[in-house]
Amino acid sequence: MGVNGVPPDQGRRPAGNRRMLVAGALSAIGLLAAPALTAPADAAAGTLGAAAAQSGRYFGAAVAAGHLNDSTYVATWDREFNQVTAENEMKWTSTEPNRNQFTFGSADQIANHAFSKGMKVRGHTLVWHAQIPTWLNNLSATDLRAAMVNHINGVMGHYKGKIYSWDVVNEAFNDGGAVGTLRSSIWTQKLGNGFIEEAFRAARAADPAAKLCYNDYNIDDANASKTRGVYNMVKDFKARGVPIDCVGLQSHFGNPPANYQANIQQFADLGVDVQITELDIGGGGSTQADAYRRVTQACVNVPRCAGITVWGITDKWSWRSGDTPLLFDGN
Ligand code: 9MR
């Protein structure tokens, strides 16, 4: 953020770019024959959500409760998107800041708005190394395991039967090291590598209706060692009957890798859905629009790619606002 909380390059994007980005994604969903600079005339089918729904998919956005008093923000959410992920409000620090005291105020603000509009809700996220409360730090292994299961039961139970998919475990794999290396965290240190399997088993019991996802970044390249590690885990889970239904490719990009569609396909071939869960693409102009088009086209081309979520609505509140990574600019 720049001075006074204003992102440094808010407003720097050329005026036509928003339409170009949305049209790039729309064209790939099949609504437009080719990327166009103007929004399609048929507004009913001309939104991202409506276009995605034509093939049974969704097009969603991460939303933050703190911006719900901005009428332009809410109007854009309601008009364009038919799925939502709470950007921070369903994370552990928000939902169980003190042990066994669950709080859902801001999470419910987002979820109830979405439910009332018939939108799908992705739950994000149950077990992660970040945005966890300090009370977890000094628990014994036995106690930490109980706390993990209790958290899964408490949060999933609150929304039981209403959530489309949950990111059960988020970002557990290491960026470097040998294939399959997990990030060192409170979870690996106290519970060992089996914490992922334990979390998925508890999640299935807590809400059998929700799809259970493993979600991570830098697993977009089909051959990257981090991707191979996640692939091997999913394959092993499927072979042993550990419940898992989907892989979330966060897809915080500079550019999608050339084998992005092949990567979606290889996970789909294991018998899980793929969800593009946190898409944002830095840059600008036609390169950025084309990257959005390629990501969307890759999803459309793989039947088990269920939908796309962009990680925010407007550049001005993006976690990486300096990159102007989203479909809508600060205006
Ligand atoms: O966008 C989120 C930002 O507001 C938070 O400060 C940050 C805290 O870690 O988390 C951001 O969202 C992250 C998501 O939960 C997991 N994948 C990476 C996202 C961007 O950092």
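The table below lists the values:
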read-out: Theoretical gain in end-to-end length, T103 to N255 [0.36 nm per residue, Cα-Cα removed]; value: 50.9 nm
read-out: In degrees, nearest ten, helix 195-206 long axis to first principal axis of the chain (Cα); value: 80
read-out: Positive-pole candidate from W166, L139, L182, dipole of the range 98-189, charges at beta carbon; value: W166
read-out: For the range 272-331 versus the range 199-262, the gap between their alpha-carbon centres in whole angstrom; value: 18
read-out: Antiparallel DSSP beta bridges within the chain, as percent of all bridges there, nearest 5; value: 5
read-out: About the Cα centre, charge dipole magnitude for the range 43-134 (Lys/Arg +1, Asp/Glu -1 at Cβ), debye; value: 260
read-out: About the Cα centre, charge dipole magnitude for the chain (Lys/Arg +1, Asp/Glu -1 at Cβ), debye; value: 420
read-out: Solvent-accessible area per residue, Å², over the chain with all protein chains present [probe radius 1.4 Å]; value: 38
read-out: Accessible surface of the chain [probe 1.4 Å, protein heavy atoms]: carbon and sulfur percent; value: 50
read-out: With DNA, RNA and ligands ignored, accessible area of D70 (1.4 Å probe; Å², nearest 10); value: 40
read-out: Solvent exposure ordering (accessible area, 1.4 Å, most first) of W135, W92; value: W135, W92
read-out: Accessible-area value, E89, 1.4 Å probe, nucleic acids and ligands omitted, Å²; value: 20
read-out: Net charge dipole size for the range 215-321 [Lys, Arg +1 and Asp, Glu -1 on Cβ; Debye, nearest 20]; value: 120
read-out: Per-residue SASA entry for T134, accessible area with 1.4 Å probe, Å² rounded to 10; value: 110
read-out: GNM result for the chain, Cα springs below 10 Å: residue of A75, A209, A114 fluctuating most strongly; value: A75
read-out: Under the Debye formula (equal points on every Cα, no solvent term), log10 I(q)/I(0) of the chain at q = 0.10, 0.12 Å⁻¹; value: -0.56, -0.82
read-out: Neighbour net charge for V179 - beta-carbon separation under 10 angstrom, K R +1, D E -1; value: +2
read-out: Antiparallel DSSP beta bridges within the range 77-176, percent to nearest 5; value: 10
read-out: Heavy-atom accessible area ranking, 1.4 Å probe, most first, across R240, R122, R183, R304; value: R240, R304, R183, R122
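The values are calculated or read from the model by the stated rules, or taken from the named source; none is laboratory data. Keep in mind the model is a prediction, meaning the values are calculated, not measured. Cβ coordinates were reconstructed from backbone atoms using ideal geometry, including for glycine residues, and neighbour counts include every protein chain displayed. Quick note on the areas: whole protein, heavy atoms, side chains included, nothing else; ligands and nucleic acids left out. Shrake-Rupley method; radii C 1.70, N 1.55, O 1.52, S 1.80 Å.
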